[in-house]
Amino acid sequence: MWPIIEKAAKDNGLIAAFAVVGLLMLLSGVISRRLTFGRVQGSAIAILIGLALAYVGGRISGGTKGLADVALFSGIGLMGGNMLRDFAIVATAFEVHPAEARRAGWIGALALLLGTVLPFIVGVAVARAFGYTDAVSMTTIGAGAITYIVGPVTGTAIGASSDVMALSIATGVIKAILVMVTTPLAAKFMRLKTPRSAMVFGGLAGTVSGVSAGLAATDRSLVPYGALVATFHTGIGCLAGPSVLYFTVKLFAAS
Amino acid sequence: MIIYGTALLAVCHLLGIVLGDWLGAALGMKTNVGGVGIAMLLLISLRVYLHRSGHFKPASESGVHYWGALYIPVVVAMAMQQNVVAAMRGGPVAVLAAIGAVAVCMVFVSIINRLEPVPAAVETKAE
């Protein structure tokens with residue numbers, strides 16, 4: 001009996017993923033209504049359970065892709081992978097009001113710039129405090145604090161060692177997870193209410209996965225505005241990391 | 001037809017990725033620069049154009065809305081495949097750098113959003 005079920009799930013990975021995620025969302029909705037009386041959004045709970053399952057999956061399989069490395073749930077890798085994620089993000093642009101987006105204009109660009117420089121400075125400072133005093137390591141860890149893609153891209157470009165690279169990726173992944181989990185909690189503090197505020201948030205918080213999940217758990221209608229800005233984040237980070245940011249750190253490290 | 005909407009979405013997506021790759025190459029990088037953002041801008045402007053010309057039928061629109069509505073489930077699937085084990089193992093440097101980065105950014109988001117001009121129409125609607 002079990003081998004047949006397992007084979008069916010493996011051969012129809014994406015379909016199995018739809019069923020699994022649907023069930024999880026249903027469960028999360030019930031938890032949201034019954035246990036928190038609607039105070040915590042169902043999608044926030046679903047994301048939290050998803051992260052917990054990713055931990056369990058990673059422990060069982062020893063792989064790097066959470067639950068998607070467990071054969072039975074391999075379809076999760078396709079459903080939550082970059083292709084479908086970006087496809088769904090682009091689709092949300094259909095709900096964007098162009099006038100609203102234009103209102104953010106320059107403030108979105110400013111947020112992007114700050115969102116690149118500030119995390120970098122924090123990352124470099126922490127790296128330095130822990131004894132990574134060479135410019136390459138400091139820059140790589142700082143770049144990881146921008147996003148987990150900027151970290152390894154920068155590290156590869158300037159020739160960082162593999163343990164520093166791993167540290168840099170870990171920094172970025174923890175940042176993404178933190179943004180996912182804490183955004184709904186800090187939404188009031190950050191005044192996340194208007195499309196403009198979501199664009200500022202998208203620029204400063206960076207990490208598309210963090211921003212998209214964090215906003216999804218806060219207010220679904222703000223998602224496209226935050227994502228619109230956040231998707232430029234990785235590109236700008238990859239541009240600045242191995243160049244301007246690296247040279248700046250080198251200058252300070254030498255003096 | 002629903003497929004028209006989904007095809008329009010797919011074409012915008014691909015065009016955005018291609019343009020993002022070109023932009024990256026033009027800037028001397030191997031990565032994509034804002035491909036998804038460009039795709040979103042394309043879709044926004046196409047929708048405005050199609051609405052004005054009245055060519056886009058509601059049935060076609062549902063081919064886009066469906067994928068927009070699948071967004072949250074897709075994000076949940078994305079959460080399920082994060083490398084949480086590695087994140088937990090990252091040690092104090094990674095944890096502190098991440099917490100610091102997120103905290104500083106949130107404070108700045110808060111400051112900038114508190115400076116948002118109040119009287120705008122949206123604000124009054126939301127209140």
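The values are calculated or read from the model by the stated rules, or taken from the named source; none is laboratory data. Computed from a prediction, not measured in an experiment: that's the story for all the values here. Glycine gets a Cβ as well: all are built from the backbone with ideal geometry, and neighbour counts include every protein chain shown.
Here B:Val74, B:Val95, B:Val104 are screened, and the one residue that is at the interface with chain A (Cβ under 7 Å from one of its Cβ atoms), in contact with a helix residue (DSSP H, G or I) (Cβ under 7 Å, 6 or more places away or on another chain) and either of a type in the set (Ser, Thr, Tyr) or surrounded by 20 or more Cβ atoms within 10 Å (Cβ to Cβ) (or both) is B:Val74.
Restricted to helices (runs of 4 or more DSSP H) entirely inside the range A:179-255, those with at least 1 residues that are surrounded by fewer than 24 Cβ atoms within 10 Å (Cβ to Cβ) and at pLDDT 85 or above are A:195-205, A:246-254. Of all the criteria given as (1) more than 10 Å from every other protein chain (Cβ to nearest Cβ); (2) assigned to a helix (DSSP H, G or I), the one not satisfied by A:Phe37 is (2).
So that you can scan it fast, the table gives a plain yes or no per residue for (1) of a type in the set (Lys, Arg); (2) more than 18 Å from the chain's Cα centre (by Cα); (3) modelled with pLDDT under 85:
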residue	(1), (2), (3)
A:Glu95	no, yes, yes
A:Thr116	no, no, no
A:Arg128	yes, yes, no
A:Met138	no, yes, no
A:Ile141	no, no, no
A:Ala157	no, yes, yes
A:Val164	no, yes, yes
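Can you pull out every residue in the range A:64-80 that is more than 18 Å from A:Ala8 (Cα to Cα) and buried (at least 17 other Cβ atoms within 10 Å of the Cβ)? Selection gives A:Lys65, A:Gly66, A:Gly80. Can A:Ala16 be described as modelled with pLDDT of 90 or more, in contact with a Gly (Cβ under 9 Å, 6 or more places away or on another chain) and either over 18 Å from A:Gly210 (Cα atoms) or in a helix (DSSP H, G or I) (or both)? The answer is yes for A:Ala16. Of all residues in the range A:171-188, those that are over 27 Å from A:Phe130 (Cα atoms) have Cβ atoms under 7 Å from Cβ atoms of residues that are not in a helix (DSSP H, G or I), 6 or more apart or on another chain, in A:Thr183/A:Ala217; A:Thr183/A:Thr218; A:Pro184/A:Gln41; A:Pro184/A:Ala217; A:Pro184/A:Thr218; A:Ala187/A:Thr218. Taken over the range A:130-145, the criterion of being more than 13 Å from A:Val249 (Cβ to Cβ) and more than 8 Å from every other protein chain (Cβ to nearest Cβ) is satisfied by A:Gly131 alone. Scanning the range A:81-109 for residues that are surrounded by fewer than 16 Cβ atoms within 10 Å (Cβ to Cβ) and either among the basic types (Lys, Arg) or within 8 Å of chain B (Cβ to nearest Cβ) (or both) yields A:Pro98, A:Arg102. Scanning the range B:1-60 for residues that are surrounded by fewer than 19 Cβ atoms within 10 Å (Cβ to Cβ), in a helix (DSSP H, G or I) and among the basic types (Lys, Arg) yields a count of 1. Given the condition charged (D, E, K, R) and within 22 Å of B:Gly68 (Cβ to Cβ), answer yes or no: does some residue in the range A:64-84 qualify? Within the range A:64-84 (the criterion being charged (D, E, K, R) and within 22 Å of B:Gly68 (Cβ to Cβ)), the answer is no, since none of the residues qualifies.
Looking only at residues of the range A:146-166 that are of a type in the set (S, T, N, Q), more than 21 Å from B:Val104 (Cβ to Cβ) and more than 10 Å from chain B (Cβ to nearest Cβ), we find that the one that is surrounded by the most Cβ atoms within 10 Å (Cβ to Cβ) is A:Ser161.
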